[in-house]
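Each remark here refers to the structure printed beneath this line.
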Amino acid sequence: MSEESTVVTHPFLDLAPLGAAQFASIEDRVARLLRTEQDVVIMQGEALLPLEGAIRSTAGPGTTALNVITGPYGQTFGDWLRDCGATVIDLAVPFHTAVTAAQIAAAFEEHPAIDFVSLVHAEAATGNTNPVAEIGEVVRRQGALFYLDAVASVGAEPVLPDAWGVDLCVIGAQKAMGGPAGVSAVSVSERAWARMAANPKAPRRSYLSLLDWKERWIDGGRKALLHAPAQLEMLALEACVERIEADGLDAVMGRHRAAAAATRAGARALGGGLEPYVHEDREAAPAATTLRAPSGVAASELVTRALSCDPALPLAAGGGALAKEMIRVNHYGVDATLGAVRASLAALGAALREKGIAADVESALRAAEDAWR
Ligand SMILES: *Cc1c(COP(=O)(O)O)cnc(C)c1O
């Protein structure tokens, strides 16, 4: 070995440091995507980090929380809220529907002490989407703090925290934004900051802390970062927002809406007992479509057969007990295309036929193409 041994540079590893100015500029771009004037805090982890951090920062023993459950995430939020000492009122609706603003209003009437509402906008795991604009009006009238998980909706349908009165709006880039899973963001209203400041149990000097970012980053004019940023993820987030800006957010959302419509129409035309899991089109999430397997056929088995033809298809069985009956078509991000929808329907049709069930693949593909337009 010579004295001057060299290091071979690597495109992912040998990056120039990511400074505060670039970090702040990425936050500003995310804020523009959400059309929000609120503070946007980017957090250095998957979306569960701000989801948990926002609850632990704002909820405590004095909180009465209405926790809306339209899928597995609502369940998790209820567990965190109870762990914080909040009184939790669970409002669970069947996974094949959405919650209505009238149901929220009825819950307020029955429990006037509610001062916190947690809601998942769209659930990739169950395929439904909730009418946040209408719900936001009801929540505002009650004066409750409004916490929203928009991880599976951002990029697929409008997410407008300011217009809807959302106080804590959490997003992740890994679904319809087509970006990285390792960073996430939350927009925080003045009311939410005040609630945190008044909460003695809000995480401080902690990775879960939002207040640390307020006090040491935002209030200081975003000049110095709290710790070394997750540089690869930040660059990936910047690239993914840049790509959405270049394509146009409306076009990106339009592709997701078309993919959902095409998948639902295609599944109905395929026959064989396969049908959209969420009954009403307007309650179906644009990011991902769930289908009900024919009775007597395990959804997980159909998915395994379909994936054996092409493992790259965006298909999965439902989680936990839903694996028996639910097929997920995850047509988000790069898979929000007619090609991915067509290939998924064809593979599901072939899997049904292997089980001896008649499936009309040609009609399904035609119906999908018509609905895409
Ligand atoms: C996908 C998703 C998340 C993030 O969870 P991952 O399983 O890590 O992708 C959070 N909330 C909702 C509603 C989601 O759909």
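The values are calculated or read from the model by the stated rules, or taken from the named source; none is laboratory data. Note that the coordinates shown come from a computational prediction; the quantities given were computed from them, not determined experimentally. Glycine also receives a Cβ, built like all others from the backbone with ideal geometry; neighbour counts cover every protein chain displayed. When the accessible area is computed, the model is the full protein with side chains, heavy atoms only, and any ligands, DNA or RNA have been set aside. Shrake-Rupley method; radii C 1.70, N 1.55, O 1.52, S 1.80 Å.
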When a/c is below 1.5 the answer is rounded, else prolate if a/b is larger than b/c, else oblate, so apply that to the chain with a ≥ b ≥ c taken from the square roots of the Cα gyration tensor eigenvalues.
oblate
Could you check what % of the DSSP bridge pairs in the chain are antiparallel, to the nearest 5?
55
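If r is the Cβ-Cβ distance from SER363 to GLU110 and R0 is 45 Å, what FRET efficiency results, to the nearest 0.05?
The value I calculate is 0.45.
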The rounded separation in angstrom of the Cα centers of the range 238-272 and the range 308-322 is 19
Pairwise FRET efficiency - GLU4 versus ALA163, Cβ, R0 = 56 Å, nearest 0.05
0.40
Distance between Cα centroids, the range 131-167 to the range 1-37: provide it in whole Å.
32
Quick check for you: with a 1.4 Å probe and neighbouring chains kept, what is the accessible area per residue of the range 270-373, in Å²?
44
Additional length obtainable on full extension of the chain from ASP83 to LEU13, 0.36 nm per residue less Cα span
21.2 nm
Give me the net charge for the shell around GLY60: Cβ to Cβ below 14 angstrom, other residues only, Lys and Arg +1, Asp and Glu -1.
+3
Report relative contact order for the chain in percent, whole number only (criteria: Cα-Cα under 8 Å, sequence separation at least 6).
17
At a 1.4 Å probe, what is the % contribution of carbon and sulfur to the accessible area of the chain?
53
Highest mean first, how do 246-255, 263-272 rank when packing is the count of other Cβ atoms within 10 Å averaged over residues?
263-272, 246-255
Given a 1.4 Å probe and the protein chains all in place, what does the accessible area of LYS175 round to, in Å² to the nearest 10?
30
Longest site-free stretch - the chain; sites: chymotrypsin sites (Phe, Trp or Tyr not before Pro), DSSP loop, at most 16 other Cβ within 10 Å:
13-206
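What accessible area per residue, rounded to a whole number of Å², is obtained for the range 1-91 using a probe radius of 1.4 Å?
Here the residues of the range 1-91 average 48 Å² of exposed surface.
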Give the ranking of ARG216, ARG292 by solvent-accessible surface, highest area first, calculated with a 1.4 Å probe.
ARG216, ARG292
Stokes-Einstein D for the range 249-372 (10 °C, 1.306 mPa s, Kirkwood Rh from Cα pairs), in µm²/s, comes to 115
Cα gyration tensor shape for the range 123-268, rounded if a/c is under 1.5, else prolate or oblate:
oblate
Ellipticity estimate at 222 nm from DSSP helix runs (n ≥ 4, -39,500 (n - 2.57)) divided over the chain, nearest 500:
-12500 deg cm²/dmol
